[in-house]
Amino acid sequence: MIRTENLCKRYNRVEAVSNLNLDVRVGTVFGFVGENGAGKTTTMAMLATLMPPSSGRAFVAGTEVTTDPALVRRMIGYMPDVFGVYDDLTVKEYLGFYGMAYGVPGAVIEGRGAELLDMVSLSDKADAYVNSLSRGMQQRLGVARCLMHDPPVLILDEPASGLDPRSRIEMREIIKSLRARGKTVLISSHILPELAEMCDEIGIIQKGSLVACAAVEVVTARVKGQRQIAFDLLQGGMRLADVLAKHHAVTDVLVHSDTTVEVLFKGSETDQVKMVHDLAVGGYAIKSVREVGGSLEDLFLRLTESPSDAMQSRVAAGAM
Ligand SMILES: Nc1ncnc2c1ncn2[C@@H]1O[C@H](COP(=O)(O)OP(=O)(O)OP(=O)(O)O)[C@@H](O)[C@H]1O
Ligand SMILES: [Mg+2]
């Protein structure tokens, strides 16, 4: 439903989006995760036809964004990362304004507006001024606005940013109801756990490229119960890594240097105690063992890294 092929966007010398290949299937809620400046907004703005790609292609429902932008705009509801300023507009007028802008028949506008306000729990605010709404309410209204022309695809740029925990839960429920309506949703955030709760698939964007992509169950199942443990040694990192790689509870090994080795460990605390004991008895010059508090994103990246990449980083580290 949404597809990009080697999509690129350059701003002068900055390559904001770099050979991005994305494939979001019909009816999927796809979480687009990346840190600040990763290229999420730029990608979404190209999909929303607000700026042309520098190179590569982007398609929404089979239509290329540069070929027929008007058709693409009818197919999508786009919620930008900032909510504009709307002086003297009530909530109802605001939805009516967007309905008209998208060519929704006058007879449909009022009923649809009321239905959407009900969906985002803002019915009691229909006559309130938009500027008087709280941030969470404005974000919910933003989603309702995107749905006025009943598009099959939604592109939501950080809809949960700046919301308190309760408002986040409300937003999550709204996204779930979009899925129930059969919409295809591309939603961005820089917080993986937040997206994991409402998405079917997760893609991680770094420096403009998609570096990992998987079904959300795969992400959570893989990440769950795994710990990152670092060993500091006097020497012998490569030798220790070889032994650790054979341990039943170790799922990945990374040699940072001859004096630091890191593993992903899926065993119990008792297993961990036994492993450390066996290594010490085995004569490895271990100075300390630390649990590394890597972010969920780091962990996910490590887990989705292909075996050949992992091997390369090990060899490269070992060759230092
Ligand atoms: N109008 C612009 N002119 C020049 N550079 C830009 C412009 N917009 C974005 N960039 C640069 O492009 C890169 C990607 O920015 P983008 O806003 O797409 O990231 P993002 O993933 O949405 O980040 P955030 O989480 O902060 O919203 C950044 O390096 C940014 O500085
Ligand atoms: Mg952004």
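In table form, for the structure just shown:
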read-out: Subset of the stretch 46-58 that is surrounded by 19 or more Cβ atoms within 10 Å (Cβ to Cβ) and without any contact (Cβ under 8 Å) to a residue 60 or more places away in the chain - its residue that is farthest from ligand 1 (Cβ to nearest atom); value: T49
read-out: Residue in the stretch 88-98 that is more than 16 Å from ligand 1 (Cβ to nearest atom), of a type outside the set (A, V, I, L, M, F, W, C), assigned to a loop (DSSP other than H, G, I, E, B) and farther than 12 Å from G142 by Cα present; value: yes
read-out: Of residues in the stretch 32-51 being part of a loop (DSSP other than H, G, I, E, B) and over 15 Å from I205 (Cα atoms), the one nearest to the chain's Cα centre (by Cα); value: A48
read-out: Residue match in the stretch 31-43 (condition: over 23 Å from A160 (Cβ atoms) and either assigned by TED's automatic domain parsing to the domain that holds I187 or touching a His at 6+ places or on another chain (Cβ under 6 Å) (or both)); value: no
read-out: Members of the stretch 175-218 found to be surrounded by fewer than 21 Cβ atoms within 10 Å (Cβ to Cβ), among the aliphatic types (A, V, I, L, M) and in contact with a helix residue (DSSP H, G or I) (Cβ under 7 Å, 6 or more places away or on another chain), listed by number; value: A196, V211, A212, A214, V216
read-out: Residue tally, condition farther than 24 Å from V185 by Cα and surrounded by fewer than 21 Cβ atoms within 10 Å (Cβ to Cβ), over the stretch 124-153; value: 10
read-out: Residues that are more than 9 Å from ligand 2 (Cβ to nearest atom) and either at pLDDT below 90 or under 21 Å from A196 (Cβ atoms) (or both), drawn from the stretch 31-48; value: G31, F32, V33, E35, T43
read-out: Complete set of residues in the stretch 133-153 that are within 21 Å of the chain's Cα centre (by Cα) and under 20 Å from L47 (Cα atoms); value: G142, V143, C146, P152, V153
read-out: Candidates A230, A280, A249, A245 - the one that is within 32 Å of the chain's Cα centre (by Cα) and free of Cβ contacts under 8 Å to residues at least 12 places away in the same chain; value: A245
read-out: Some residue of the stretch 72-89 being buried (at least 16 other Cβ atoms within 10 Å of the Cβ), over 28 Å from the mean Cα position of the chain (by Cα) and either at pLDDT 95 or above or within 26 Å of S134 (Cβ to Cβ) (or both); value: yes
read-out: The stretch 11-26: number of residues that are more than 9 Å from ligand 1 (Cβ to nearest atom) and part of a strand (DSSP E or B); value: 7
read-out: Some residue of the stretch 55-67 being at pLDDT 95 or above and over 29 Å from R181 (Cα atoms); value: yes
read-out: Residue within the stretch 65-80 that is within 16 Å of ligand 2 (Cβ to nearest atom) and assigned to a loop (DSSP other than H, G, I, E, B) present; value: yes
read-out: Criterion violated by V29 - all others in (1) under 13 Å from the mean Cα position of the chain (by Cα); (2) within 7 Å of ligand 1 (Cβ to nearest atom) satisfied; value: (2)
read-out: F265 vs. criteria aromatic (F, W, Y), modelled with pLDDT of 90 or more and either farther than 30 Å from E173 by Cα or surrounded by fewer than 16 Cβ atoms within 10 Å (Cβ to Cβ) (or both); value: no
read-out: Residue satisfying all of: in the stretch 154-173; more than 17 Å from the chain's Cα centre (by Cα) and surrounded by 16 or more Cβ atoms within 10 Å (Cβ to Cβ); farthest from ligand 2 (Cβ to nearest atom) among these; value: E170
read-out: Pairs where the first residue, in the stretch 155-166, is on the phi > 0 side of the Ramachandran plot and touching a residue at least 12 places away in the same chain (Cβ under 8 Å) and the second is in a loop (DSSP other than H, G, I, E, B) and within 12 Å of ligand 1 (Cβ to nearest atom), C-beta under 6 Å, 6+ apart; value: E158/D81
read-out: Test for P193: is it more than 16 Å from ligand 2 (Cβ to nearest atom) and free of Cβ contacts under 8 Å to residues at least 24 places away in the same chain; value: no
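The values are calculated or read from the model by the stated rules, or taken from the named source; none is laboratory data. Remember, predicted model here, so these are calculated numbers, not experimental data. Glycine also receives a Cβ, built like all others from the backbone with ideal geometry; neighbour counts cover every protein chain displayed.
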